[in-house]
Structure formats: C-alpha cells, structure tokens
Amino acid sequence: MRGGRAETKGAARGRRRRGLLVGFSFLGAVGASACTTFDDPSTVLDLRILAASIEPSEVIVDDVSTLPSLRLKPLVADHQGDVVAPQFSIVACPNQPFGPAPPADPMASGGFPAGGARGTLSSTLCPADPAAPHRWSLATAADVQDDGSVTLNLTPDQLQDALMSDLFRDQFGNLHGGFDLGLPINLEIDVTRGDGVTVKAVKRVLFWFPQLVPAIAGETPNQTPVISAVEQATGRNDDAVLENVSPFDENALPTVAPGGELWVRPSLATQEPYLTTVLDATTGQVLPYPVATETLRYSFFATSGKFSPSETSTDPGRGVRWNDGKPHLEAKYEAPDAAEVPVDPATGKPRLDVTVWIVVRDDRGGASWEERHLRVGEP
Amino acid sequence: LLSLKRGRVLALSAAWAFASFSFAAAAGAQEFEQRRPNEVEPKAPVPSAPGPQLTKAPVLKKNVLPVYPAEAYAEKREADVGLLIDIDASGTVTSATVAKSAGPAFDDAAVAAAVQLVFEPAEIDGKPGAIRIAYTSHFRLAAPGATDAAPAAEGASGTPRDSATAPVPGPDAPSVPPSASASAPLAGAPPAGGASAPKVLVQGTAKEKGTREPLAGADVSVIRRRRQADGSWKEEPAKLVGASDDQGAFTVSWGFDPLGPDEAVRVVVGDTNHEPCIHDFAASELGGAPASWECVAKPRVGRTYETRVRAPVKNPEATRTTLSLRELTTVPGTLGDPLRAIQSLPGVARSPYGLGLLVVRGAAPEDTGVFIDGQRVPALYHFLVGPSVLTPNMMERVDFYPGGFSVRYGRISGGAIDVTTHNSTATRLHGSVDVNLLDVSAYAEGPVGKDTAAAGAVRRSVIDGLLPLFVPKKRGSTYLTTVPIYWDYQARVDHRLGGGGHLAVVAFGSEDSLKVVAQDPDSTFSLENRIGFHRAQLVWDQPWQGWDTKLLLSYGYSIQDFNAGDDNHGLIRSHSLTMREELSRPLASWVTLAMGFDGILSFDYADFNAPYPRQGRTLADSSSQDRIIATRDLTDTAPAVWLETPLKLGSSWRVVPGVRGDHYHVIDTDKSSIDPRLAVRYTYSKSLAFKASAGLFHQLPTPQFLDKEFGNPNLGLIWADQYQLGVEKAFTEVIDLSLTGFLVRRHDLPVASVERFSSTGKGRSYGVETLLRHQVTAHFFGWVAYTLSRTEVTQGLAMLGGTQMAGMNVNNTSTAYQPSAYDETHNLIVVGSYRLASWELGGRYRLVSGRPETPVRGAFFDADFGGYTPMYGTTNSTRRATFSQLDLRIERTWLFDAWRFSAYLDVQNVTNAQNPEATVYDYRYQKSAPVRGLPILPVLGLKGRF
C-alpha cells in the first residue's frame, strides 16, 4: 500500500521485474551502463511486419487427404500507416528440433536450452537455399489477394516429410517429435515494399494427429482471438480506474494535445480452455496437459508517439493486475511533443494524424488486430 | 664530538648504497638465490663527529650459506637469528655471537656460516680497521615468488642477502661483549681516573614504533658529555656498551669516574633497521636508583640488510607463482585485496567489470579450484565487485598454479589457488582495523598459553549503508539498484605439540546477500539472495617415525538461498565432512614416497519452487507455466587416493610421477577417473632452470547439469590433458623471468542439446605466459606479465559460453573450433609499487585484447510471440575494442608509539577509459551500443594497526 493506492501481488511483481531490469547490480551504483536510448518498439518508424494472422492457426488432422487451406494475412505498416498491397512470398518448412531457440523461448532464457525440440515456441527461418530439402515455396507475390492475404495449401507429402524430420530423443532415450508434441510448420514471410526494402517474419501453424495422440481427439482447434471493441479514456486514477471512458471505434478521431496522453483499452477476447501435450521432465513421457485459461497478449503500435506499456496481457507477469482482480489491458498513448508535430499550413496549428494498431495474440498462434486513428494537435 | 648531523648520515648512506650496487653486480651471477647485495651498511644512529670515521663499510667477499636445520625444515619451522659479527682489520670474522636466538639448531647454523664469511675490511679514517656488525639470518621455507632454490646442501639452501652493521670505529670496537642480553660496562676505554665498581645507571627497553615489537640485538652506546663554560657541550667518543635482549631490554652500567654536576650521559639505542633512540641523562638523574627509559625506535625504510636462508620449495617442478603479503595487498586496482592481485598474473584472463571471475588459461571459472588450507571453498570472492572472502591479515601465502599441478589437488581441470592462512605465533596482542568505502574489518592475534596462540578477523560491508545516502529520493521512481551485503570471519588457534607436531583449529566463513536501494522511499521491493559457507577444520601435523603426516578433518556448511517475490524460491544446502591425510617419507636419498587420501561426504538438500515453462509446443506464458516444485535430498561422496614419488636424479634432475584416482557418487550417479601426471625439472645452473609437465585432470560437470529433471545424468566427467614447458632465468638478484608455454585440451564438456546437455563439447587453449618480475625490495616491487594465448571451443560450446543461448542451435556436434568467449589474444599487465619513507605509490596498467563477440547480422519478426529473433553471424568472429585501464594507489603511513595509521586511495580506471564490456541491441537488433565497464572508481581507506 502506498499513496492510498493498493497494489496487488501482480502489480508488485510487475514493478519488481521492472526494477530488476533497471539495475540488478551493484554495477549500477558505480556507473557501468549503456548510455543509449533506443527506439520504442511501439513506434512504427519504417517498414515492419507487426503481426500475422492465419486461419486456422491450429489443425487437427483426422484425414491427411483433406487438409484445409490456410489463409495468411500479415499486418504490414510503416510510419505512414498501412502499406498498401505489399508484395510478399511465403516459404514453408518443418520445425527444426535441433534448430535455434528464439529469445521468446523461456526455456532458453532460463538456461535450459531447448531449441526447436521441446521449446514452447520455435519458429525460425527456413533454409535460404531454394534447393534445400524440406523447403516448400507456397506462394509468391502473384498469389497475394487485394486484401493482402494469401491462401496456402500444404500437401500430405509435405506434412509427412515434416513429421519425419521433426524427431528427437530426450535424455532418457525416448523418441519424441511432431507426432506427440504437435507438428509446427513454419511459414516464412518476405515482404517487399515498392522501394525494394524487405523485411522478414515467421508464423507458425500447428498440426495435431489424433491417431498418434488420442488425447487430442475431439478437441476444438484454436479459435482466433478477436478484439470486439476498443475504448479510450483521458486518464487513469490512482486506483487504476480509467476516467472519461468512451468508445474508440473505427470512425472516431480523438485529438490528443502534443505531449498529451490518451488511454486505450481493448476488449478482452475469448480465453479458451484447451488441451495440449507436454514432456514430463522427470520421466520423459508425453502427457496430456489441460490449460484452463488461455493467455492473451496485446501489443500497441502507433506511427508517431508511443504506448506505455507497449504490451499488456492477461498474464500478470506481462500486464498489470490490480486489486480489483482483473487484468488491465489498457496502455497509455503518449503523443509526441509539440516540436515533433508539424504545423498545418491551413490553420497554422500543429496537427498530426496518427494510426494506431492493437494486436491480440493467444497461446496457439491465433492473432488479429484493430486499427484506429487519432489526431495530435490542439483540440 | 659525536653529533647527529643528518647531512653526513645521508652522505654515508649514499656511499654505502654505491658499495652495495658494486657487490650486486659482482655477485648477481653467482647465486641463483641471491636476492640482495651483501654490502654492509653502517648504522646511522651513532655517527661520531671528531672521533674515528668509518670511511668504507666492510663488503662481503666470500659468502657461506647456512644450512637449514633438517628437523626444523621437516617441521616447517621458520626463524630469524640475530647475530653480532666481529670483523678484524683483515676482513676475517673473529667471532659471531647470537644476539637474538631462534633455538639451538637455527643459532648454530647461522653462527657456523657466519664465522666462515670473509669481508673486505672496513676502513676507518682511510685505514683498515676492526668493526662489529649486526646481522640477521632469516630461515624461510619458500621464497616469495620465485622458483625454487638450488640447494646448497641436502634439504637446505642459503642465500646471503644483506647484512647490517653498527660500526663502532676504533681499535677497541670488536671487544664488545657478545652477549645479547647482558648489560656491559663501558668497554675498552680505560678508566680516566680510578675505576669504580660498575653501577647500573639506566634500565630500559627498546621497541619499534608503531608495532611495539621488541628490538632485539639493538646496540646501546653512551656518550659522556661535559658542559663547557660557554654553555656548549663537550663530548667524549661514543662507547658501545651492549645490546638489547630478545625482549628489547637493556641496561647501561657505569664503571668509571662518577659524573660531575656539569656532566651528562647520552644514551643511543638503535640498529640498522631503525632510527636511533637518543636520551640525555643529567648527572642528577643517575645518582640514585637506575633510571628507566623506554626507547621507541622508528623503523627505517630500507630494512634490506639481512641474510635470507631458503629451504627448497616444495614441488619445485610445479609452475607456480607465489605472491608476498606486500604484493598481495598493495597492487593498485585491487583495493588491497590479496586474491584479486592474482588477476594480475599471467595466465589469468581479465574479469569484466572487475568481477571476481577466475578464468585461468581459458578454462571456465568453475574449472579452477580455490583451496584454503587444503580445503576447497565454493567461492573466492564476495558478490559482484566485493573483495575475497579472506582478509589479508589471515593470509600467509597465496600459491597460484595455472596448470600442471600435483596430484594432491583434484576434482578440477583448470588451475588451482592454494591459500595458506597465517600460522599464529604471536607472543603478544596485535591487531588492526581497516575502514574503507566498501567495508570495515578488524583483526587481532595474541598468545593464549605457552605454546598456543590465536588469531581472528571479521569484516562487514558498509556500502549498503552508505549508498542510500547518496541515491536521490524520488517518489514513484522505479529506479532500483542492488548492493552487496557481505561479511566474513576467520579464526585460528595454533598449538605446538611435542616432537615437532603442530595442531591448528581453523574456522572461517562468509555470507553474501543483496540489498535493494530504491529512489522511491516507499518502495517495498525485496530481493532475498543469500550465499554462504562456513568451515571448521582441524589440521594436525606430526612427524612420526620418519614419516611426515598431515591430517585435516573438516566440517563444512554451505547454503544458497534465493527468494524473489512471493513465488520464486530456491534453496541448496549442504553439510559436508572432509578428510585429508597426507603421508610422506624419504625412501632413499633420491626418492620420496608421498601418498594421501582425500575424501568428501556430503549431505545435500535442494528445494526449488519457481515458475517453469512447460515443455510443449504452445506458447507458454507465465500464467500457464508449470512450477518447478523439486526437492532433492542426497548423500554424495567423493573419495580419492593419490600417490607421488619425487625422484632426485643427480644434482640437476627432479622427476615427479604421480597418479590420482577419484570416484564420485553424485546425484545418484557414479563416475570414476584416473589421473596420471608427470612433472620434470632440470636445473642447468643456479640461475637457469627448465620445467615440463603433462597430465590428466578430471572434474564433475556442474552438479545441476547431472540432475535428471534439469540436466542429463548420463553426462561424463569433464577432463583435460595439460602440457607445459617452461624456463626460469634469474638475471640479477632481484629480477627474474619465467617463460611458460602451455597446451590444454578439454574434453567431454557439456553442450546444450535436446537431451538438455550432452558431453560432446571440446576445447583447447595454448599460448605463452611471460612474467618479468622485480622481487620485493625495500622500495620497489613490480612485474610485467604478458600472455599470448588462444582459447577455442567447438561451436556449440562457443555459443553456450557466450550470450547466445537464445538463437543457438542445439545438438551442435560440429568439431570445428571457434574462439571461446574467454579468449584473449594479448594480455599485458604492468604492476609497480614504489615506497619512499612513509609514502607508497603504485600503479597497474592493463592492455588486453577485446573479448570475442558474435555479430548480429539482422533479425526477423516472430509473429507468434511478437518479438524479433536475431540472426547471428559466425560465432565469436568479431572482437570488442581493446581494453586499456590504468589504476593507481597511494598510501601514507603515520607512526605512533604504540600503533600505526595508514590512509590510502585506490583509484581504478584513473583515465575513466570507456572500455566496452558487452553490446546491447534495440528491440529489432538494428541498433547497438556498448555497455561500458567501470568508470573511474576512487576508494578511500583507513587502516590502524597495533
């Protein structure tokens, strides 16, 4: 408790983690530091892929001969907003059990290397050599539809190829892989803007085989989380209650003074219960693992200004949970200072139109987003 | 007339310094062990003005080395013997008498050698004359720093170092009674008028200023003074009347005319190493009972005139560097911390941020063992940039073995550091207090009984109390930093047993925790992280029927406790019993049998309760993570036996084969190893020797790696084969050079894999270590250490040792070698410290190649977790900028009668060099910035000693 404001454990934990990041060392006291301020990840300065959605994000394969088509759509943006009709190509490859573990993998950051074998997430780039085995070109620029999406079709042979290449043995000698832990297929997205600038992203779709993992039979594949509404608020009080809340719909254009702030709160998407499998570390056996509540993570982006925090979550470790027992998904938009806002020649007043995106992701590759606009200037 | 004229004293000193230089030039090549010139320096305190003048000091022509007493050597006893040596006008020693005894054996050895010395005679008023000099023989088991001696005789070697003299010019000078403790009447001079029975005029004691140590063997002279009509004093020539005894006591007797009312007696007491004490007694003070006087003599800088007798170094074939206490405590940039001085030696990589990591010949820090009195300890340094866990006062010696060490040491595959604590022999109470910006420490030692002495030390950090005073308060700020809280203690009781035995009970321990310092005064953040160890051990040395035996029994308690927030907890606790028994016995004149048992029985308990990502293929955020709720209750054992047979082949060869067998029962797994080792030393001459060694060295992987849940119990032992070839050359008495080439190959190193870890990693280090060293002298010590080396590991290990746990390939079985994260091609360290009077100024400069780094050549966006994954270039294919840093230290000492006080300023990174220690990247790895190392860091300290 402090200042009349109550902190829950989650909030305190969030503060602690920040604290740890600030200076987990006596070295901080004596001045060792990196005196560089990097760009904020929520500010879109140039060409970036902010998210990618795929439908379906999870496939339960009852019959290999009737694999569903996959519809992939990346969110491509730069400092001017949406990149219209980006050109991209899609290459697919199976999971690499001995491949690198990305920084997001808690197994890696915790000092227990997992790579693509037993990691909780192991998307990686596909081999660069077009002639490499296990590398399938699924779409080219010509396949991109007007809405920026592309439809992909994997063949049974490719799936079998992926299954056979995703095998490993644990420390007890037991054989594991895509057949019992789920088979991820990595999709590499190469987006090229008109000026030739290219960025890369990877996206994953997970396949299950009930014949091999009977426990998964009958499960409902992952449903893409959806942000059904967005709210705006002028502030948040010490009890973490938003003030002057109003809808922030697609047609709204709230104005924020230069250097001012606006709170943005997405609605809570559906948190599905689901069943997955895990590797028991003490026995090497693969066990069904039910998850009662799926974690949702929200990322905020703006073409100018920044969001703080840039990411919120239903997970208290990532977001802020207060003593009302609810996760707080809102983030504070901080408008650029007046010096950074151009003057409108027509009015002689500062004015800057800003595009905002809010992306929601779930545990199993489901993702969607909402786009909003606001204006930085004098009300 | 005698008078104390400083200018003359200085002039004489300069002349004698020249004489000493001449001797050094002549003798330097003769004795490998020669350390200091054997010139004779007349003692300053009793210069005589109108009387005979010493115009040339005696200079040693023929040196004879004392023989180290065999029994004392066997019992590892050291001693100093004070002598008074009378030299006639031809330079022949006419007598040598003991002024300060160290027991019959040492006394006899010192005297036997001294009477064989031959000098160029002293000259008095330009003519050869008789003289008496004070002379000290130091018997030491091992020489600091150096290679071992070429023994002058079996079991001993002698090194004339320097001698001191209290010249008493005049034909009667040699007639001073040799008794070190008796009073004496005025000698030589015939009574001016009818002699009377000697009467004790003065009873006094002589002590050293600042330490209250008794001045044994100090010369006592008197000058009869008569006041003239004009008020001035007329003085008779000085007369040497005796010397102080072991306790510094002396008396002045008077056998001549009674003093008249206008007369006085000036008494002068002093020796080579101290400024003179002078006191004038008026006749009225001397009429009745003997006057009492306490002489407190100020030590002189440059107490360099003595004989040093060295027994052969144990295991001379080993490549080892030994640092003396002065070197250990005054190397700049180490804050006076002895064990940090080791980081300035060749073969030791620079530790980033000044952290206490010991990377020896490229081995990981955990591969180098630290032993305190033979007992391995889990930590050498306190947290972060804290000092070592042992205070300097308790240390007697630190031996650093970069590799190729004896089979006595085991369970490590890198280097070894053997810290020997101070064997307390105090005859009265001593102590010290040290206060600096990091910590406060205190030390005391003293006698407990006739054959027993005790010593103890404690230390506690203060930075945790000081730093909050300087952190600006800002309500709501999330600024946090952590500072270490540490404390340690050491206690030791030594008891001398009959038959040359020795019993010591030693206890020491250390604990560390962290304190969070926050800008926000309302901050409630807490972090509990505690690591500590405690040891209590009994060491019994006893010669027995020709055997040397040493038994060590030890109980140890170690704890690591971590709590962060409400849901992260880890505890590792261990109770251990250690037994070491060493037996050695000469089987013949050329072979010795040495063997031992080295066993550990450990009761270990571990408890973890922390979030743990589940091992599945959906994105597990912390809310959906599993928890580690693991408890381990284990009984681990690690017995070992070793056998070594040093062979002395002829006068030049020493060959030491040895073998060690280890068995491990750890975390319910059993592993064994056999380590054969061979070391050879060839002494080409007394100033040149060659060494070579080869051997195997096994150790356990980090125990956590063997856990079935977090590691892989099938991992094998890590092992290394080490080879080294070296040469040692003494250029002068104080300057020597060692050059060592080495090759270390490491095998079965744990590498990250889908089995969590597999024993598929390999590594190798090779290079040349050079140490050009100026031994400690009165005014200076220093060295230049340069290491040219290469450390490589196979690819998976290179990534593991770096920062690429994320982004790394697992099960990387590539056998291609890449630079290790510890690789430093060039490592140059220059250390020097100069002492002048009460000031000491030192500097350390380091120029080290930047550490390898793996370049990031881009990144891609991972749309599932919403972040970027770096794309690395070739592992460790680039290097950070060269490290360059200058550290300075200045110390000033003030002497008081009963204690001394010092203030020092140790400034690290004087030039505030911006040395990069790491690289940080922005969220998408497009921009980077170096993480700078320590900025300029001045630390002020105060020390008081009594």
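Conditions (1) modelled with pLDDT under 55; (2) open to solvent by 10 Å² or more (accessible area, probe 1.4 Å), marked per residue:
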position: A:107; (1), (2): yes, no
position: A:113; (1), (2): yes, no
position: A:118; (1), (2): no, no
position: A:125; (1), (2): no, yes
task = Could you list, in sequence order, all residues of region A:147-186 that are open to solvent by 20 Å² or more (accessible area, probe 1.4 Å), within 13 Å of another protein chain (Cβ to nearest Cβ) and in contact with a Lys or Arg (Cβ under 7 Å, 6 or more places away or on another chain)?
result = A:175
query = Do you know which residues across region B:838-854 are at pLDDT 95 or above and open to solvent by 40 Å² or more (accessible area, probe 1.4 Å)?
reply = B:845, B:847
note = Restricted to region A:285-300 and to residues being more than 9 Å from chain B (Cβ to nearest Cβ) and surrounded by fewer than 17 Cβ atoms within 10 Å (Cβ to Cβ), the residue farthest from the chain's Cα centre (by Cα) is A:285
message = As an exercise: evaluate residue B:265 against (1) modelled with pLDDT of 80 or more; (2) open to solvent by 50 Å² or more (accessible area, probe 1.4 Å) and give the number of the one condition it does not meet.
response = (2)
request  = Out of B:586, B:611, report the one residue that is under 26 Å from residue A:171 (Cα atoms), open to solvent by 30 Å² or more (accessible area, probe 1.4 Å) and either away from chain A (no Cβ under 14 Å) or modelled with pLDDT under 95 (or both).
outcome  = B:611
query = What is the number of the single condition among (1) touching a Phe, Trp or Tyr at 6+ places or on another chain (Cβ under 6 Å); (2) over 30 Å from residue A:337 (Cα atoms) that residue A:266 does not meet?
reply = (2)
ask   = What pairs can you find where one residue is in region B:90-112 and closer than 29 Å to residue B:128 by Cβ, the other is open to solvent by 30 Å² or more (accessible area, probe 1.4 Å) and in a helix (DSSP H, G or I), and their Cβ atoms are less than 6 Å apart, with a gap of 6+ or different chains?
value = B:96/B:111
ask   = Inside region B:676-719, can you point out the residues that are in a strand (DSSP E or B), within 29 Å of the chain's Cα centre (by Cα) and of a type outside the set (A, V, I, L, M, F, W, C)?
value = B:677, B:681, B:682, B:683, B:684, B:685, B:691, B:693, B:695, B:698, B:699
note = Counting only strands (runs of 3 or more DSSP E) wholly inside region B:203-245, the ones holding at least 2 residues that are of a type in the set (Lys, Arg) and surrounded by fewer than 20 Cβ atoms within 10 Å (Cβ to Cβ) are B:219-227
ask   = Within the set of pairs 6+ apart or on separate chains, which have a first residue in region B:359-375 that is under 26 Å from residue B:422 (Cα atoms), a second that is acidic (Asp, Glu) and surrounded by fewer than 24 Cβ atoms within 10 Å (Cβ to Cβ), and C-beta atoms under 6 Å apart?
value = B:371/B:418
query = Can you find even one residue in region B:868-886 that is open to solvent by 40 Å² or more (accessible area, probe 1.4 Å), at pLDDT 85 or above, in contact with a strand residue (DSSP E or B) (Cβ under 9 Å, 6 or more places away or on another chain) and within 30 Å of residue A:361 (Cα to Cα)?
reply = no
task = Kindly indicate which of B:906, B:897 is away from every other protein chain (no Cβ under 13 Å), open to solvent by 40 Å² or more (accessible area, probe 1.4 Å) and acidic (Asp, Glu).
result = B:897
inquiry  = For region B:383-435, give me each residue that is within 21 Å of residue B:900 (Cα to Cα) and open to solvent by less than 10 Å² (accessible area, probe 1.4 Å).
reply    = B:391, B:394, B:395, B:424, B:431
task = Only one of these is in contact (Cβ under 8 Å) with a residue 12 or more places away in the chain and either hydrophobic (A, V, I, L, M, F, W, C) or in contact with a His (Cβ under 9 Å, 6 or more places away or on another chain) (or both): A:241, A:256. Name it.
result = A:256
note = When restricted to B:857, B:835, the only residue open to solvent by 40 Å² or more (accessible area, probe 1.4 Å) and within 14 Å of chain A (Cβ to nearest Cβ) is B:857
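Yes or no, residue by residue, for (1) of a type outside the set (D, E, K, R); (2) under 24 Å from residue B:532 (Cβ atoms):
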position: B:568; (1), (2): yes, yes
position: B:582; (1), (2): no, no
position: B:589; (1), (2): yes, no
position: B:594; (1), (2): yes, no
key: Boolean, residue B:776 is more than 30 Å from residue B:841 (Cβ to Cβ), touching a residue at least 24 places away in the same chain (Cβ under 8 Å) and open to solvent by 20 Å² or more (accessible area, probe 1.4 Å)   = no
ask   = Pick from B:356, B:374: which is small (Gly, Ala, Ser), more than 27 Å from residue B:852 (Cα to Cα) and open to solvent by 10 Å² or more (accessible area, probe 1.4 Å)?
value = B:374
request  = Can you tell me which residue within region B:670-709, out of those that are open to solvent by less than 20 Å² (accessible area, probe 1.4 Å) and within 14 Å of chain A (Cβ to nearest Cβ), is farthest from residue B:743 (Cα to Cα)?
outcome  = B:707
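The values are calculated or read from the model by the stated rules, or taken from the named source; none is laboratory data. Note that the coordinates shown come from a computational prediction; the quantities given were computed from them, not determined experimentally. Quick reminder, even Gly has a Cβ in these numbers, built from the backbone with ideal geometry, and neighbours come from all protein chains shown. The protein model used for the area step is the full one, side chains on, heavy atoms only, and it has no ligands, DNA or RNA in it. Shrake-Rupley method; radii C 1.70, N 1.55, O 1.52, S 1.80 Å.
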